[in-house]
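Data first, discussion second: the structure below is written as structure tokens.
The values are calculated or read from the model by the stated rules, or taken from the named source; none is laboratory data. All of these numbers come straight from a predicted model, not from anything done at the bench. Here the Cβ is made from the backbone with ideal geometry for all residues, glycine too, and neighbour counts use every protein chain on show. Accessible surface areas use protein heavy atoms only, side chains included; no ligands, DNA or RNA. Shrake-Rupley method; radii C 1.70, N 1.55, O 1.52, S 1.80 Å.
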Amino acid sequence: MADALLGPAEIRELAARLGVAPTKKLGQNFLHDPNTIRRIVAAAALRPDDVALEVGPGLGSLTLGLVGAVRHVHAVEIDPALAAALPGTVTAAHLTVHPADALRVTGDRFDPAPTMLVANLPYNVAVPVVLHLLAELPTLRGGLVMVQKEVADRLTAGPGSKVYGVPSVKLAWYAEARPAGKVPPAVFWPVPNVDSGLVAFTRREPPSDIPRAAVFAVVDAAFAQRRKTLRAALAGWAGGPDRAESVLRAAGVSPQARGESLTVGEFAAIAAEAQQQGY
Ligand code: SAM
């Protein structure tokens, strides 16, 4: 990594010079620990020909690590002042700054096409951002994101776990996810009151050719009432408990099971069966 990384003194100086007052609303907690940056970049297992997509570059801590590791970096920042200041901090020619909301970006704006998502995400929108980008950018082969520790646990949970839920199943539709370590609050400014966790993921083929929206509708219905059996939880979605039971049985899933025990493949089987029965 040729570029100098930002430590606490540099972050303080940069923030003061730019007049940055971090806001909670935008999840602005900036990394000021070069070791954490090196850890994130190493955990991302980037290839020199990768094109990294960073959401929320902020003051540029992680961006500086990324430009030394890949062929191009796209940095999407919603805060116009931070986006405007970034090229002054990260002078690499292979950086493109996008002053934009990551929840609304579309694939056509990125050239070259991103292959890896690497980001210290704004925690309040972390899950929708990851799901939106995986849906929008088929060229993403994987990623490494930092999120609130509880969210990292949910994103990487498997069926049967207490924290397995909608984010776990939806991410599993696109990718295999695994925990890649914990990060303490002290490496951020301002210091957040939560621990953070790293999540690594690798894209895989969707488990079914049933449209994603149809599968996600079943997932949303099943977890909207996660304590209920699927027969009851899916009654509204199927048009009655008996119809839900018939779809579940035909899909090979027990009507007495709960959503928290199902794999993404089983959710897809339920959606496929509903489609077959004309729902
Ligand atoms: N990457 C920097 C670091 O590690 O120091 C900053 C990370 S900070 C947790 C999150 C960043 O995301 C902030 O710079 C914030 O302005 C930006 N942000 C918040 N919501 C966003 C959105 N919807 N789209 C793009 N950027 C966003």
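Data for the structure
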{"read-out": "Conditions (1) free of Cβ contacts under 8 Å to residues at least 40 places away in the same chain; (2) assigned to a helix (DSSP H, G or I); (3) in contact with a strand residue (DSSP E or B) (Cβ under 7 Å, 6 or more places away or on another chain); number of the one not met by Ser168", "value": "(3)"}
{"read-out": "All positions within region 182-205 that are under 17 Å from Leu131 (Cβ atoms), open to solvent by 20 Å² or more (accessible area, probe 1.4 Å) and touching a residue at least 40 places away in the same chain (Cβ under 8 Å)", "value": "Thr202, Arg203"}
{"read-out": "Residue within region 153-160 that is over 20 Å from Gly27 (Cβ atoms), open to solvent by less than 40 Å² (accessible area, probe 1.4 Å), more than 16 Å from the ligand (Cβ to nearest atom) and more than 12 Å from the chain's Cα centre (by Cα) present", "value": "yes"}
{"read-out": "Any hit, region 102-116, residues being free of Cβ contacts under 8 Å to residues at least 40 places away in the same chain, among the acidic types (Asp, Glu) and either more than 20 Å from Ala42 (Cβ to Cβ) or within 14 Å of the ligand (Cβ to nearest atom) (or both)", "value": "yes"}
{"read-out": "Selection within region 120-152 - among the charged types (D, E, K, R) and in contact with a helix residue (DSSP H, G or I) (Cβ under 9 Å, 6 or more places away or on another chain)", "value": "Glu136"}
{"read-out": "Filtered residues of region 132-148 (kept if open to solvent by less than 30 Å² (accessible area, probe 1.4 Å) and more than 10 Å from the ligand (Cβ to nearest atom))", "value": "Leu133, Leu134, Leu137, Leu140, Gly142, Gly143, Leu144, Val145"}
{"read-out": "Residue within region 84-91 that is aliphatic (A, V, I, L, M), within 8 Å of the ligand (Cβ to nearest atom) and modelled with pLDDT of 95 or more present", "value": "no"}
{"read-out": "Out of Pro190, Pro179, sole residue that is within 13 Å of the chain's Cα centre (by Cα), more than 23 Å from Ala268 (Cβ to Cβ) and of a type outside the set (A, V, I, L, M, F, W, C)", "value": "Pro179"}
{"read-out": "Selected residue [among the hydrophobic types (A, V, I, L, M, F, W, C), more than 8 Å from the ligand (Cβ to nearest atom) and touching a strand residue (DSSP E or B) at 6+ places or on another chain (Cβ under 7 Å)] from Leu18, Leu31, Leu46, Leu59", "value": "Leu46"}
